[in-house]
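> Before anything else, here's the structure in question.
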């Protein structure tokens, strides 16, 4: 099974994160002992520390004419707001639940999905005991779960990771927030966990006044058709870069490979009359917009020497491709999603496509869309939005 597929399979656990929004048929397991979030070792990222979020975000800007330019980056230790991030399912730990020790996979995901935002906010990312990829692979292949645990017992652990994140959030509010605005950020299972937490702990509660926005990538947030609220009663979908107290939710698909009938994204998993929210980070007010993507120079099978025909090998960890990608929220065939268009021009020397599809062997798994790179595609736009929202929130305060 390819590395890309294993990474993408994490999205199957969105349901685990969202299951707690509605009643579950599975009996809850006895609560596990709380993590100590006063111990900074329980945090993957913490402001002012050299850790997973203090890596190199240097990018090579690849223009359509093949011109290359290096773009530097630095964190802002005096950023006026905070970001609180919950990562997707990435752990390769041997058990059903991950431990609290960060490995390479946790470090890699924050490099792609979070660390660039440290130029706009102080970043906090708790470790949590998530359902592992090891267990997920066993479930999908029909093999026994690690430790001989039964599927019912494994399902009964579904609250562990969620409770960890809530405890980390509670610790952050009590000891670190000090009235600062905060952006919540998640992807895939992380978005599911945050969806549940916003609905239970923030929507209509005192902490809502601190919410600058929530960014929920790779998920199916239920809203009423034609409206910007639904599951969240008082946290609407964001419709401008200066709107605060709102949510940016999306799942991306190529315009040439729209969601198939069995798509994992584009419809709420609960079914019913609601639809999946879509807010286009490239144009929150609606319509098409240019994506300011920061793509990995080497991930998903990308050849670092193929960004420009006959050009040099890209040496920076990220690549920016101005003018190559546009996005628009669309509703087609019963699905609502972020439609990605590649503005290919065979006449210019820059590459004419991007990597990021989930593949099984050489076959594209169309039901996943561009789930692997949801956050990479939109990262520059999201950084700009967070900067503008920060100013708007501070002005209101």
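A short reminder: the numbers here are calculations on the coordinates, not readings from a lab. Predicted model only: the values in this text are computed from it and were never measured. Here the Cβ is made from the backbone with ideal geometry for all residues, glycine too, and neighbour counts use every protein chain on show.
> How would 121, 246 line up from fewest to most surrounding beta-carbon atoms within 10 angstrom?
Placing the least packed residue first, the sequence is 246, 121.
> Using DSSP, restrict attention to beta bridges with both residues in the chain and report what percent are antiparallel, rounded to the nearest 5.
50
> Which of the three applies to the chain, rounded, prolate or oblate, going by the alpha-carbon gyration tensor with a ≥ b ≥ c and a/c under 1.5 meaning rounded?
Because its axes are fairly even, with a/c under 1.5, the chain counts as rounded.
> By counting other Cβ atoms within 10 Å of each Cβ, how are 375, 32 ranked from fewest to most?
Ordered by Cβ neighbours within 10 Å, fewest first: 32, 375.
> For region 51-149, just say rounded, prolate or oblate: build the C-alpha gyration tensor, square-root its eigenvalues into a ≥ b ≥ c, call rounded for a/c under 1.5, and beyond that prolate if a/b exceeds b/c, oblate if not.
oblate
> Next question, about the same structure. Specify the inter-centroid distance of region 208-242 and region 92-115, based on alpha-carbon positions, in whole Å.
First find each Cα centre; the distance between them is then 27 Å.
> Here's something else I'd like to know. Using the number of other C-beta atoms within 10 angstrom as an exposure proxy, rank 329, 45 with the fewest first.
Fewest-to-most ranking of 329, 45: 329, 45.
> Under the 0.36 nm per residue contour assumption, what length would be gained going from the current alpha-carbon distance of residue 298 and residue 353 to full extension?
Extra length available between residue 298 and residue 353 comes to 18.4 nm.
> Let me know the shape class of region 146-291, please: from the alpha-carbon gyration tensor, a ≥ b ≥ c as square roots of the eigenvalues, rounded when a/c is under 1.5, otherwise prolate if a/b is greater than b/c, or oblate.
It comes out oblate by the Cα gyration axes.
> Moving on to the next point. Pop the C-beta distance of residue 341 and residue 50 into the FRET formula with R0 = 56 Å and round what comes out to the nearest 0.05.
Approximately 0.90, to the nearest 0.05.
> Could you tell me the relative contact order of region 235-293? Use alpha-carbon pairs under 8 Å, at least six residues apart, and round to a whole percent.
Answer for region 235-293 is 34 percent.
> Another question, then. How much length, in nm to one decimal, is gained on full extension between residue 173 and residue 33, taken as 0.36 nm per residue of separation minus their Cα-Cα distance?
Gain on extension, residue 173 to residue 33, equals 48.3 nm.
> Let me ask something additional. Provide the gained length on full extension for the span residue 261 to residue 227, in nm with one decimal, where the gain is 0.36 nm per separating residue minus the Cα-Cα distance.
Value of the extension gain: 9.8 nm.
> Just to verify a number: FRET efficiency for residue 74 and residue 240, C-beta to C-beta distance, R0 = 35 Å, to 0.05?
Once rounded, the FRET efficiency stands at 0.80.
> Pick from 277, 365, 249: which is most flexible by mean-square fluctuation in a GNM of the chain where alpha carbon atoms under 10 Å apart are linked?
365
> Right, something else. Starting from the 7 Å offset along Cα-to-Cβ, what nm value, one decimal, do you get for the label separation of residue 388 and residue 99?
4.5
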